Amino acid sequence: MESSSFNTLFKTGIIGFTSECYAIIFDLRWMILLAFVLILTDFWFGISASRAKKIEIRKSRAGRRTLNKIIDYLCYILLGAVIGKAIGEPYGLNSITVSITVMVLCYCFEIDSIYNHICTLHGVEKKYSIWSIFWKLITFKFKAVGEAFQDMKNQSKEYKSNNNNNNEDTL
């Protein structure tokens with residue numbers, strides 16, 4: 001008798017949990033589509049850049065890396081959703097917003113890769129990465145944050161230079 005009620009309760013909990021996961025994935029369907037578009041774009045420009053450099057293209061490696069990226073991005077979406085549910089909701093943040101934030105950070109890697117391939121195709125030496133542009137936007141928007149990080153960087157340099165001068169025998 002107890003086993004039957006436990007099984008019913010367990011199945012009900014799993015169904016509720018699964019339906020909530022489906023709802024989150026449905027809400028993030030455009031982020032998932034964007035991930036596929038970015039992955040395919042990186043694949044296309046990566047092959048084009050390899051041809052421009054006259055590098056041998058191994059189809060099995062390219063396919064394996066592309067499939068790994070697809071699985072990685074699905075894991076990032078779920079990780080963002082779980083972080084949003086577990087940490088964001090208790091603090092009043094929407095789980096979808098937290099998931100989108102995690103995804104945008106992950107998309108910056110892909111966009112940087114695409115940008116690098118396009119620069120290679122056009123013979124442009126890459127001057128900035130997406131991360132440096134992103135950092136400049138953050139420090140421009142929040143001057144106090146940028147100044148705080150700059151101050152921390154200067155303090156770290158001073159500390160290292162003072163310690164190296166005082167302790168020349170240390171590794």
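Test K85 against the criterion of being charged (D, E, K, R), open to solvent by 40 Å² or more (accessible area, probe 1.4 Å) and out of contact with any helix residue (DSSP H, G or I) (no Cβ under 7 Å at 6 or more places or on another chain), and give yes or no. Lay out the reasoning, then the answer.
Numbers: charged (D, E, K, R): yes; open to solvent by 40 Å² or more (accessible area, probe 1.4 Å): yes; out of contact with any helix residue (DSSP H, G or I) (no Cβ under 7 Å at 6 or more places or on another chain): no.
When the stated conditions are applied, K85 does not pass them.
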* **Odd one out for I70, checked against (1) of a type in the set (A, V, I, L, M, F, W, C); (2) at pLDDT 85 or above; (3) open to solvent by 90 Å² or more (accessible area, probe 1.4 Å)** => (3)
* Might you check whether a residue that is open to solvent by less than 50 Å² (accessible area, probe 1.4 Å), more than 21 Å from I118 (Cβ to Cβ) and outside any helix (DSSP H, G or I) occurs anywhere in the stretch 14-21? => no
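Name the residue that is nearest to I114 (Cα to Cα), counting only residues in the stretch 43-79 that are part of a helix (DSSP H, G or I) and among the β-branched types (V, I, T). Full working, then the answer.
Taking the stretch 43-79 first, the residues part of a helix (DSSP H, G or I) are 43-52, 59-79.
Still in the list and also among the β-branched types (V, I, T): 47, 66, 70-71, 77.
Working: I47: 11, T66: 13, I70: 16, I71: 19, I77: 20 Å.
Selected residue: I47.
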* To do: Look through C75, C119 and report the one residue that is free of Cβ contacts under 8 Å to residues at least 12 places away in the same chain and open to solvent by 40 Å² or more (accessible area, probe 1.4 Å).
  => C75
* Asked: Which of the residues spanning the stretch 30-54 are without any contact (Cβ under 8 Å) to a residue 24 or more places away in the chain and surrounded by 14 or more Cβ atoms within 10 Å (Cβ to Cβ)?
  -> F43, I47, S50
* To do: Say whether the condition of being of a type in the set (V, I, T), open to solvent by 90 Å² or more (accessible area, probe 1.4 Å) and free of Cβ contacts under 8 Å to residues at least 12 places away in the same chain is met by at least one residue in the stretch 56-66.
  => no
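The values are calculated or read from the model by the stated rules, or taken from the named source; none is laboratory data. Predicted, not measured: the structure shown is a model, and the values here were computed from it. Quick reminder, even Gly has a Cβ in these numbers, built from the backbone with ideal geometry, and neighbours come from all protein chains shown. What goes into the accessible areas is simple: the full protein's heavy atoms, side chains included, and nothing from ligands, DNA or RNA. Shrake-Rupley method; radii C 1.70, N 1.55, O 1.52, S 1.80 Å.
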